[in-house]
Amino acid sequence: MARSKLRAAGGVVYRDGDPDSGPEFLVVHRQRYHDWSLPKGKLDRGEDYEQAAMREIQEETGLKCERRDYLGAITYETQRGRLKIVKYWLTKKRKGKFVPNKEVDNVEWVGLHGAQALLTYNRDARLVASAHSLLTNKKSTRVYLIRHGNAGVRSKWKGPDKKRPLTERGQQQSIGMAEMLARYPVTEVYASPALRCVESVATIADNTENEVKTSKKLKEFTPLEDIYKFLGKLDSGAVVICSHKDWIGPLIKDLDRRKVRLRGSRKWPKASMWVLDMVDGEVKSGFYGGRA
């Protein structure tokens, strides 16, 4: 049974800053929690996420804003153990003035590094970083590249290989992958058509209210040329991709050969993740994110 979720929405509010220093972001101080955060709040009855985001921004900051890019969904457990999903949009200040209210008693306009230093929660700092990347490079994509979890021994499976499911251990790894990605924004979820890949990201998709999109370009033994074409067509945002060792391995080796800046281990075991940062359809850097 899927866990019930608390649903909320908010935004990263920005204004144009000095040409040398870049955009400025609005962070809010909540007297109830004694923290610095981003404007957000729970959905009212009958609201969708976008409506709630724009309402909450105006209620907490007094600002009317223009909605821009979708930044993704973040999930985390509340202090009472409920799963909370918050969807965020990049928004630009148009007019209005802050007045202290029952939710927020102070606000600050700060640059990227100032926001990352002031914000209490790492999840908020990551959102501001994503917003800054989009404002600096309109086609900016972060890819969470996952190898599927344990699906037993291929030779012992009697049915079609694409229908080979995760083992019990693989199912636990799927949950572990979702926990690894919790508090990181996610905009889309892709997988190879193989059942073990779809199942590996099912928890991530459920937690962030995404559908798992399958693509034949994520199948085993896909030529490198087609791998790069697939990556190059991804939309801006934060995209989860689950595929096979024969897709991930050649890609990492080729990025090394091209002298793309990669950090960490050069491994890709089952239930592991690589994080790749792309600009204008090209991988510019990446790092090994560990395994579940």
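Odds and ends about this structure:
- Tabulated pairs, region 92-117, first of a type outside the set (A, V, I, L, M), second assigned to a loop (DSSP other than H, G, I, E, B), C-beta under 6 angstrom, 6+ apart or interchain: Gly96/Gly62; Lys97/Gly62; Phe98/Gly62; Asp105/Gln31; Gly111/Ser21
- Taking region 87-118 as the range and being loosely packed, with under 14 Cβ neighbours inside 10 Å, part of a strand (DSSP E or B) and either assigned by TED's automatic domain parsing to the domain that holds Asp280 or touching a helix residue (DSSP H, G or I) at 6+ places or on another chain (Cβ under 9 Å) (or both) as the test, only Gly96 passes.
- Evaluation of Ile74 against the conditions (1) over 19 Å from the mean Cα position of the chain (by Cα); (2) within 21 Å of Gly10 (Cα to Cα) shows that the sole unmet condition is (1).
- Of the residues making up region 119-128, those that are crowded, with 16+ Cβ neighbours inside 10 Å, touching a residue at least 12 places away in the same chain (Cβ under 8 Å) and either assigned to a helix (DSSP H, G or I) or of a type in the set (Val, Ile, Thr) (or both) are Arg123, Asp124, Arg126, Leu127, Val128.
- Listed by first and then second residue, the pairs linking a residue in region 265-281 that is surrounded by fewer than 17 Cβ atoms within 10 Å (Cβ to Cβ) to a residue that is in a loop (DSSP other than H, G, I, E, B) and of a type in the set (S, T, N, Q), with Cβ atoms under 8 Å apart and 6 or more places separating them unless they lie on different chains, are Val279/Asn137; Asp280/Asn137.
- Residue satisfying all of: in region 151-176; in contact with an Asp or Glu (Cβ under 9 Å, 6 or more places away or on another chain) and at pLDDT 95 or above; nearest to Gly41 (Cα to Cα) among these: Ser174
- Here Ile146, Ile204 are screened, and the one residue that is touching a Cys at 6+ places or on another chain (Cβ under 7 Å) and at pLDDT 95 or above is Ile146.
- Exactly one residue out of Ala202, Ala194, Ala178 is over 16 Å from Gly289 (Cα atoms) and in contact with a helix residue (DSSP H, G or I) (Cβ under 6 Å, 6 or more places away or on another chain): that is Ala194.
- Counting only strands (runs of 3 or more DSSP E) wholly contained in region 8-86, the ones carrying 1 or more residues that are over 22 Å from Tyr184 (Cβ atoms) and in contact with a Gly (Cβ under 9 Å, 6 or more places away or on another chain) occupy 24-30, 63-77.
- Residues of region 129-144 satisfying the condition of being surrounded by 20 or more Cβ atoms within 10 Å (Cβ to Cβ) and either over 18 Å from the mean Cα position of the chain (by Cα) or not in a helix (DSSP H, G or I) (or both): Ser140, Thr141, Arg142, Val143, Tyr144
The values are calculated or read from the model by the stated rules, or taken from the named source; none is laboratory data. The structure presented is a predicted model; accordingly, all values stated were derived computationally and were not measured. When we count neighbours, we look across all protein chains shown, and the Cβ atoms used for this are built from the backbone with ideal geometry, even at glycine.
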